[in-house]
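The values are calculated or read from the model by the stated rules, or taken from the named source; none is laboratory data. Just so it is clear, the structure is predicted and the values come from calculations on it, not from any experiment. Counting neighbours? That spans all protein chains shown, and the Cβs are built from the backbone with ideal geometry, glycine included. Protein only, heavy atoms only, side chains kept; ligands, DNA and RNA dropped before computing areas. Shrake-Rupley method; radii C 1.70, N 1.55, O 1.52, S 1.80 Å.
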Amino acid sequence: MVKAYAQEHVYKHPWEIVTSASWRKFADPENKRTLSHILDVDTLNHKLDAESGKLYATRAITIHAPGPWFVRKIVGQDICHCVESTVVDGQSRSMQLTTRNISLQKYIEVEERIRYNPHPDNPSGWTVCKQETSIRIKPLSALASMAEKVEQRCAERFLQNSVKGREVMERICKYLESESRGITF
Amino acid sequence: MGIIREKKPKSSSSSPSSTSPCADLRAAYHNCFNRWYSEKFVKGQWQKEECVAEWQKYRACLSEHLEDKHLSRFLEAEALDSTARADSASVVDGAETNS
């Protein structure tokens with residue numbers, strides 16, 4: 001049982017700004033109210049390849065995902081840890097983030113891939129964001145009988161959250177742009 | 001159930017980040033990183049790694065307090081490499097197959 005969703009969104013901001021916003025998306029306390037399902041973000045590892053201009057980072061994201069009461073009862077927790085791996089290629093201007101849950105893997109596997117690239121029609125001004133989400137309920141899990149319902153809920157939540165995520169991204173982009181205009185060297 | 005070894009906050013409305021022992025070091029590192037990323041990295045100035053002192057302090061705190069064993073293994077450099085490789089075969093030079 002796999003469900004996959006793909007979305008595409010164009011940010012009318014340059015790649016440099018959009019990817020800066022992406023790093024700040026969860027950490028900024030201003031946004032904690034909008035993205036209230038995100039509890040914590042920790043950087044676990046990072047590496048810079050100074051020759052090729054590639055940056056790698058692994059972050060832990062703690063998500064509060066209460067779900068229906070029976071899910072909590074079965075899995076015994078309402079906090080979920082995800083691991084996000086990011087690769088930024090500064091030379092070709094691409095950023096790719098892959099997020100997977102590491103909690104509750106017995107029951108469900110969620111993988112989200114996001115790519116930010118300069119928009120082909122306006123590479124210096126716009127950024128295209130491609131997002132793919134796949135949700136897989138393990139067939140033999142205790143949740144299997146209600147899997148359809150759970151998948152639906154997960155999907156709704158993901159779609160809701162990605163809309164909220166875009167609002168946050170827009171706000172940070174605008175903030176970063178006004179900040180960079182304000183700085184005079 | 002938080003990743004940081006601490007008493008679980010009673011109310012779900014209070015974020016664990018405000019009480020976590022690494023919160024200040026985490027904020028210092030993330031601020032430094034975000035600044036470096038926007039002001040240097042995206043402009044092609046990636047030759048020099050910055051925020052090293054902030055990272056070392058924050059990482060030391062994490063390795064002391066990170067409780068979740070699944071997360072702890074990501075603190076190891078090798079884990080990062082293999083994750084990054086598996087995730088981004090298209091962007092990483094010399095991508096290998098798992099064997």
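For the pairing of chain A with chain B, what total accessible surface becomes buried, with a 1.4 angstrom probe, in square angstrom to the nearest 100?
Numbers: alone 10680 and 8070 Å², together 14760 Å².
In total, chains A and B hide about 4000 Å² from solvent.
Considering only Cα-Cα distances, which of the following residue pairs are longer than 21 Å: A:Lys25/A:Lys130; A:Lys174/B:Lys48; A:Lys47/B:Lys48; A:Lys3/A:Lys138?
Numbers: A:Lys25/A:Lys130 17 Å; A:Lys174/B:Lys48 28 Å; A:Lys47/B:Lys48 12 Å; A:Lys3/A:Lys138 12 Å.
The answer is A:Lys174/B:Lys48.
Starting at the first residue of the range A:92-104, write each ³J(HN,Hα) from the Karplus equation 6.51 cos²θ - 1.76 cosθ + 1.60 with θ = phi - 60°, in whole Hz, x for Gly and Pro.
8, 6, 9, 10, 10, 10, 10, 10, 10, 7, 10, 8, 6
Quickly work out the B:Lys48-to-A:Glu132 label distance, labels modelled 7 Å from Cα along the C-beta direction, and quote it in nm with one decimal.
Taking the two extended label points, one gets 4.0 nm.
For B:38-44, what's the mean count of beta carbons from other chains sitting within 10 Å of each residue's beta carbon? Mind showing how you got there, number by number?
Details: counts 10, 3, 1, 8, 9, 2, 3.
Neighbouring Cβ atoms belonging to other protein chains average 5 per residue here.
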